1. Can you bin region 49-120 into rounded, prolate or oblate? Criterion: square roots of the alpha carbon gyration tensor eigenvalues sorted a ≥ b ≥ c, rounded for a/c under 1.5, prolate for a/b above b/c, oblate for the rest.
2. Set the Förster radius R0 to 30 Å, insert the Cβ-Cβ distance between residue 52 and residue 88 as r into 1/(1 + (r/R0)^6), and round the FRET efficiency to 0.05.
3. Could you list 83, 169 in order of exposure, starting from the residue whose Cβ has the fewest other Cβ atoms within 10 Å?
4. For 137, 143, what ranking results if the residue with the fewest other Cβ atoms within 10 Å of its Cβ goes first?
5. Would you please state which residues of region 133-168 a label at residue 198 would reach in this model, taking the label point 7 Å out along Cα→Cβ and a backbone N cut-off of under 14 Å?
6. Under 15 Å from a point placed 7 Å out from the Cα of residue 165 along the Cα-to-Cβ direction: which residues of region 109-133 have their backbone N that close?
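We did not get these values from a lab; they are worked out from the coordinates using the rules stated. All of these numbers come straight from a predicted model, not from anything done at the bench. Here Cβ is always computed from backbone atoms with ideal geometry, including for glycine, and neighbour counts include all displayed protein chains.
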Ligand code: FES
Ligand code: FES
């Protein structure tokens, strides 16, 4: 028997327009809107800023995405890979550098915030105390894998600067007293933001203590 197969009827709207066509029309509109939004987003992403960083005594002019962290500016744009990216969340201290003599986590700050600032990294030369710390870490075996070491050494440098400036720590017994002794407890507290997964802590403490003893 010869049967005719009926084509399915397309729904018709009250205005008589074919609903399928209407849906694809609105879908095309939505797609257009998405395209416009996407191109706006991409043009926003294309914005850059010009900054100058003075790193280890050398000026560098950089054109960066404004969202670039100081750590990424150093590592990815200046090829200074001594500063390490451990957690990228301010929890390990592997990225510690000094900005105008103060230690900070380079992963937690934007490069754009340091236009014109003087940055010191582990690659710096000509700083006697930094060199003494590097030597002491070697002499005392203050590392194993070495991943945390640049951050430990920069942090120790910043910590000794803080001690010079008379800044107390959480364990300083007498904050009014003249001169603060750099006890092992003080070193451990002041360096507590720098994590060593190899647990080289006893040797790190000895290395820092040696630098302070030889200087005094
Ligand atoms: S990488 Fe910056 S604190 Fe861990
Ligand atoms: S020496 Fe390996 S993480 Fe510190």
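1. Numbers: a/c = 1.63, a/b = 1.33, b/c = 1.23.
Because a/c hits 1.5 or more and a/b exceeds b/c, region 49-120 counts as prolate.
2. Values: r = 25 Å, r/R0 = 0.82.
Here the calculated transfer efficiency is 0.75.
3. Values: 83 23, 169 19.
Arranged by neighbour count, lowest to highest, 83, 169 become 169, 83.
4. On the way: 137 24, 143 20.
By the 10 Å Cβ count, ascending, the order reads 143, 137.
5. Correct set: 137-153.
6. Counting backbone N atoms under 15 Å from the label point, the list is 118-120.
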